Structure formats: structure tokens, C-alpha cells
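These notes concern the structure reproduced below.
The values are calculated or read from the model by the stated rules, or taken from the named source; none is laboratory data. None of these values were measured; they are calculated from a predicted model. Virtual Cβ from ideal backbone geometry, glycine too; neighbours counted across all protein chains shown. Areas reflect the complete protein model, heavy atoms only, side chains present, ligands, DNA and RNA absent. Shrake-Rupley method; radii C 1.70, N 1.55, O 1.52, S 1.80 Å.
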Amino acid sequence: MEDELEDRVLHQTYLSFMKIISRFTSSVAFDTPASYLWKMVRLYLLRSEVVVFTLGIIIFFMYLQTIELWSRTLLSRLSQAMSPLSAVQRMKLMEGSDSDRQSWELKGSLSAAYAIKGRRMHMEDKFIINENINNTGISLFAIFDGHGGEFAANYAKDHLIQNLYNKVVELNAYKDGKLITLPPQDAPEESKKDQESNTSVERKTSFKKSVSTADDTSKKEITDPELLAQLSKARPITREVQKINRPVKNLTIPLTSYLDKGKINFGKLLTDEVLAADRLLVEAAKRTLNVAGTTALIAVLEENHLIVANVGDSRGVMCDSRGNAIPVSFDHKPQQVREQKRIEAAGGYIAFNGVWRVAGILATSRAMGDYPLKDKNFVIADPDILTFNLEDHKPMFLILASDGLWDTFTNEEAVKFIKERIDEPDFGAKSLTLQAYYKGSVDNITVLIINFLQNKISTNIP
């Protein structure tokens, strides 16, 4: 009885409510525009299927707006297709203040570089252009692709390049019968002052203008406790690794060991300097538990010889006189047979996490820094050295780039792209960088072009 009474009360309440609504709607004359509009709204827009579909569309677009790629990738491509602006003009619109800087560029006499932060939160790529060092006829170019922070790439750019510069000046003077001793970049300040008083070499201004892509960015050290914790699962990081106050001294190697029949042995020089810089970098990183690392791609031009040292997965490609793409470096990837065997022999493993990674973490098997993996010998900094006689290839140009480019371009595609744009003021470096961005690269992108068509950068001293 009580249930029936409740049902009747609810039924009467519903009828009363509907009568009130009908009186309200019927009180408005249906011959007015407002009443006609209301009638159309009720008949068409307030239908259940229309309401549900509209809410679904609203929720879908709200979800898309929360995804960063929606605002950066899709909208940028739409604007690229609809806007008459050039790619360069669009990138300039993206640039804001120095702290929000999106791109970096440098133009030498016969080389140029362009880099963008792209879709990453921070810029971790660095590059160096140093043509005709101290009038020696030797030119030095480098790209460092940092990961886990800027610390390692900044260190390599500041210390490794400085030490290489010093050694080139010293060796060039030594083989000409002059003795010049420049202080190493990591030497104590007292020894630097003592040796500076005995140094008579005037450094060329072009070296001072040699810049990297992050000269104006913060060099704040970045640590990653989660990475350290993940590595500790494989093998605990010892107290000696975490806290070391004992400085690592750079080994002094006589200059004569780098001379072979009056010529500089750049292969040995690059190998020794990269490994020495890596030892000091690892020591500096251990003091602050900084797990950052960096690739290193270094090219040296002397007369008609090109020497390339590579650590990691940045890559160099040369275009010969026939337009063929000639690799001048090979990526160090964990899934390569020799790299996988070396990692497993050290007690490590590789795992697929989007791509093949060392210990499921690092996508390159060789790098500078990365001290937790370096301590376990899973990752090494030994560079591969390739030497080319330019008279054999008569190249048009050389491309050096971080993997942000090679994620979207093959060697052949990049060479073909630059061939069609080598006459641009920056030899196509900017166009290629932006094209990689618009093709969907999600990494920092740095492209450095060396143009051989007009003249040779490395010339003999008069």
C-alpha cells in the first residue's frame, strides 16, 4: 500500500510539473519570431541524439587541447598548408625572447649551421664552426647531441673543443720547428697563468666567434633520481661512484706521439682527446650525480683530407661529385651485433622501449658522460675514426647533423634536398632543419653544411 501511494504521489507531481511547463509555453503567442525560434530549437536542437553528439564533440576537442602535439604538430601543419608564409618566416614568428629562443644559426665563409629546439622543452644540441684555426689551414666542426640535460654537451663543447684547438696550434707549430705550450682547458688556474706568460700564440678571432647552440641558455645541472634507481636494480651504484672527491688527472701525452712523417695523426689525437674529456666529464658528473650524456660528431679538414670522429648516433654524410650520398660516420646503436655483444659481455642487456635501448634506457650504445652506464661499462666513449681523401671523391658538400634530422630523412633524401638548395645563403642548412621539423621530428634538430663547391676551407699556409 505504501509503495502504491508513493507511485501516485510521484505521478501527480510529474503531471503538475508538465501542466506548468505547457502553460508557460502556451502563454507565448506562436506567431512571434521568438516563439517560432523556440519551437525550432525544441524540435531540432534539443533532440537527445543532437545533444549527445554535441557533447561528444566538445569533450573530444577539450581532450585534444590537452595534448601538446595537437597545438604544435597538427596546427603547425595546417598553418603551413594554408599560410603563404615561407618556412623561415614561420620559424621567426615562433622566436620570442632569449629565454624562449627557438633557433640558433651561424654562418662561416664556406660553412653554415642552423639549429632549432623543435618540440623538446629544452635545447640540448650544441655545434661548433671553427674555420682555418689560427691560420693553420686546419678547420674544426662539431655537433654534440645531449640527453638527460645540457651538462654533458656543454662540457664537451667548452672543454673538448678548447683542448683540440690548443693541440692543433701546438702541433702545427711543433712540426714547423717552434715550441708552443698552451695550458689544457682543465688545468689548475695557477698552471694556466704560468703557461700563459710563456705563450706567444695569438688566437684567431674566428675561434672566439665559434659558437654553440646554447651559449645563452642555462647550464643548470640536471639530475635524474628515477634513472639512478632504475640502474640500481641491475647492480647497485657503489658509494665510491656516488661520492668521489679524488680528482682525475688528465694524462700528459708527448706531442711527438701525434706526428707521423711530419703530418699530424688526427685519428690518434681525436681518440685521445675524446677519451680524456670523457674521463673528466664523468668525474665532474659524479660529484653532483648528474646523469647527462652527449653524442660527439667531430670533423677535421686539413688540406685534402677529412677526418671524422663519431661517438653515438649523430651522423655525417658527404655528397660526392656524382651526387651520391657517402656516409662519413656510422651510428652506434645497441641492436648492432658488435655493440650488443660488447654490452652483454659487460653484464648488461638491451631492451625494446620504443626503440632498442641499453638497459632499457639509452638509445645509443656510445656516448660521453652517462656515468651510471659508463661505470658499468655498458656505454663507452671510444670514437670510430674514418679518414677520407677528398681528391678521390671531389665532394660538393658535407652534412653533419644530430639524429633529430635523421629521424625523418635518409642519407639520400638529405643529400638530394641540399643539392637543390646549396645556392641559398646558408647552403640549405636552415631549409633542411625546418623541413625535418615539419615532417614530424620531435627531437632537437641541428644541421651543419660544409660547402666544397666554391673553394676548399682547409688551405695551405702561404
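Quick notes on this one:
- Some residue of the range 418-432 being within 25 Å of Thr364 (Cβ to Cβ) and open to solvent by 20 Å² or more (accessible area, probe 1.4 Å): no
- Qualifying residue in the range 282-292 (condition: more than 23 Å from Ala367 (Cβ to Cβ) and open to solvent by less than 10 Å² (accessible area, probe 1.4 Å)): no
- Here Gly404 fulfils each of the conditions (1) open to solvent by 20 Å² or more (accessible area, probe 1.4 Å); (2) out of contact with any Cys (no Cβ under 9 Å at 6 or more places or on another chain) apart from (1).
- Filter pass, Arg315 being touching a Pro at 6+ places or on another chain (Cβ under 8 Å), of a type outside the set (Ser, Thr, Tyr) and touching a residue at least 40 places away in the same chain (Cβ under 8 Å): yes
- Condition met for Asn290 (touching an Asp or Glu at 6+ places or on another chain (Cβ under 8 Å) and either part of a strand (DSSP E or B) or modelled with pLDDT of 95 or more (or both)): no
- Within the range 348-462, strands (runs of 3 or more DSSP E) holding 3 or more residues that are of a type outside the set (Asp, Glu) and under 20 Å from Leu297 (Cα atoms): 384-389, 397-401, 445-451
- All positions within the range 308-321 that are open to solvent by less than 10 Å² (accessible area, probe 1.4 Å) and part of a strand (DSSP E or B): Val308, Ala309, Asn310, Val311, Gly316, Val317, Met318, Cys319
- The residues of the range 340-391 that are among the acidic types (Asp, Glu), surrounded by fewer than 21 Cβ atoms within 10 Å (Cβ to Cβ) and under 28 Å from Tyr155 (Cα atoms), listed by number, are Asp375, Asp382, Asp384.
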